[in-house]
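Report on the following structure.
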Amino acid sequence: MSGTAGQLAAEQVTAGYGRQIVLDRVDLRIGRGETVGLRAASGGGKSTLVRVLALLHRPDRGRVTIDGAPVTGTRYSVPVAVRTRIAVLFQSPRAAADPRLSLADLIAEPLRATRRPDDEIRRRVADLADLVGLTADLLGRRPHAVSDGQLQRACLARALTHRPDYLLCDEATAMLDASTQAHVAAVITDYQRTHRAGVLLVTHDPALMNRWADRVVDLPPSGVVPGRP
Amino acid sequence: MKTDQSVTAERPAGIASLVDPQRPGGPGPVLDVQGLGVRFRLRDATVHAVTDLTLGVHPGELLAVVGESGCGKSVLAHALLGLLPRNATVTGQARLHQLDDGPVDLVTCGERVLAGRVRGRLAGLVPQSPATALNPVRTGRRLIEETLRAHRHTRAEAVGAAERVAAEVGLDVADLDRYPHELSGGMAQRLVTALALAPDPVLLIADEPTSGLDRPLVDHTLDLLRRRCDGGKSVVLITHDLAAAERVADTVAVMYASRVVEHRPARRFFTAPAHPYGAALLDALPDRAFRPVPGHPPMLTALPPGCAFGTRCPYATDVCERQPRLAAYDAGAVACHHPIGAGVVS
């Protein structure tokens, strides 16, 4: 990776919650097409860094850049065209999915939010469901009626609706069984290959990290937080 | 390999003892499950969550129950402790031994016996989602003390014990005075483990006790369970984490579509799985082939009459349209018409 083209980067990011500083001047770059593994102790700020990169958490200092251009603001203050370039897959699909929506509506949500026409939405939902291995009978169900693995597949489909350039996976397969984990990883790797997407892989499973990440970054302890497990 | 068998017929007696040949004539199992079945009646369907399940757990044994999500692992735990909802029907037998006055059948003994003598003291449970298992208006310390008081410990004993079990599970003593909502997922997980360990049960059923923990804490918790078994207690570890099972288990029971399809000494299972499903599951591990099991597991409301793995199995033949029985196989038992290695292993 040379230059700043084709990369999502955190530059000298300091972030935390109130007075508690979790990240202290952290740099991280994710290039298009590469899988970067992120490793840190529990409570070491991995999830906070993911939230900063996903433009969900405003850093106290430092900035997030895409292709070298700084992103201003967080959440809805970021232009749609910019924030849809980044997608996140969280650890717990239960916490990340609206329990009132069917899986089909869950996957369609980002498309509805950007006012795509209905026939395009139907087509995309069917394609995405197929991609992640959700059968048609599951699409009509709501989260309580499916397993964690099935729900995480739906969340993955939702994350891919806008064809993001960067996908951030925060312990996304930690609660899945081995087979579902391997399947989700295969779907992500395929997508990455066809779309040349950059992937951030946060996991504390060394075997998974070894197998999946192209390179591994250790997040140093910020030194400000009392180190407690 | 097995000839055909009619309806219920004879049950292969003592499959459990076949799994552990190192202990011939040793103490009998603490838990002896024979032909356990659990069904849930829904308005328009019946869920077959556990079917004809036979298992034994001996003193000092750590049994890992593994399988894909939704295969019936957690239902098994809840069935053994009488924690199923009212629309569940339980059949078969699950005898818990080591009671002063003979064994108790967990299926038929009733709520009074379960509540008064079994739960907590004889058979403890580490429930799957700690966030929903903790009383939100009690601190961790109060919860542990309350548990011990309920098990007839004196107040003085309870006070010291809270800090002892907290230390045992790797929970900071300072965190004992927090309320559940102030704990991270990993801390809550350690607290429910501490609650189950506090009364020192003969049998501990741990349902995904390592979820939400990072690797050092996973290993800490697993080693804690291992030490319990080395001290003569028994543990049933229900987990989707095969690496965890490999680290500590003596025996492994692989569940698929409500049945135990393979039950063997852990070392044998991890080096030479006998059931094609067991082999496919191991192949999915990131340090092995990292290849998902092809296809999807069947729905528990619509199980096929034959082998439920048949449609996903590379070895399936016509005979697989008949349900294979769990039969003795290479130091354990397997339910398959074409077990891997048959005819190779003498």
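The values are calculated or read from the model by the stated rules, or taken from the named source; none is laboratory data. The structure displayed is predicted, hence computed values, not measured ones. So basically every Cβ, Gly included, is an ideal-geometry build from the backbone, and we count neighbours across all protein chains shown.
Quick notes on this structure:
- Taking the criterion of being modelled with pLDDT under 90 and over 30 Å from A:Arg94 (Cα atoms), the residues of segment B:116-144 that qualify are B:Gly116, B:Arg117, B:Arg121.
- Looking across segment B:258-279, the residues that are buried (at least 24 other Cβ atoms within 10 Å of the Cβ) and either more than 15 Å from the chain's Cα centre (by Cα) or farther than 20 Å from B:Leu55 by Cβ (or both) come down to B:Phe269, B:Ala274, B:His275, B:Pro276, B:Tyr277, B:Gly278.
- Of the helices (runs of 4 or more DSSP H) lying entirely inside segment A:121-229, those carrying at least 1 residues that are closer than 16 Å to B:Ser69 by Cβ, of a type in the set (D, E, K, R) and in contact (Cβ under 8 Å) with a residue 40 or more places away in the chain are A:148-160.
- Candidates A:Leu167, A:Leu151, filtered to the one that is within 14 Å of another protein chain (Cβ to nearest Cβ) and in contact with a helix residue (DSSP H, G or I) (Cβ under 7 Å, 6 or more places away or on another chain): A:Leu151
Rundown of residues vs (1) of a type outside the set (Ser, Thr, Tyr); (2) within 14 Å of chain B (Cβ to nearest Cβ); (3) under 25 Å from A:Ile188 (Cα atoms), yes/no style:
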residue: A:Ala5; (1), (2), (3): yes, no, yes
residue: A:Glu11; (1), (2), (3): yes, no, no
residue: A:Gln20; (1), (2), (3): yes, yes, no
residue: A:Ala40; (1), (2), (3): yes, yes, yes
residue: A:Lys46; (1), (2), (3): yes, yes, yes
residue: A:Asp60; (1), (2), (3): yes, no, no
residue: A:Arg75; (1), (2), (3): yes, no, yes
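- The lone exception for B:Arg247 - which of (1) in contact with a Pro (Cβ under 7 Å, 6 or more places away or on another chain); (2) assigned to a helix (DSSP H, G or I); (3) modelled with pLDDT of 90 or more; (4) not β-branched (Val, Ile, Thr) it fails: (1)
- Hits in segment A:1-46 (condition: surrounded by fewer than 18 Cβ atoms within 10 Å (Cβ to Cβ), touching a strand residue (DSSP E or B) at 6+ places or on another chain (Cβ under 7 Å), among the polar types (S, T, N, Q) and under 27 Å from B:Gly212 (Cα atoms)): A:Thr14
- When segment B:188-239 is limited to residues that are in a helix (DSSP H, G or I) and of a type in the set (D, E, K, R), the one that is surrounded by the most Cβ atoms within 10 Å (Cβ to Cβ) turns out to be B:Arg190.
- Residue in segment A:28-39 that is closer than 18 Å to A:Gly16 by Cα and in a loop (DSSP other than H, G, I, E, B) present: no
- Residue-level analysis places B:Pro292 outside the set of residues that are more than 10 Å from chain A (Cβ to nearest Cβ) and in a loop (DSSP other than H, G, I, E, B).
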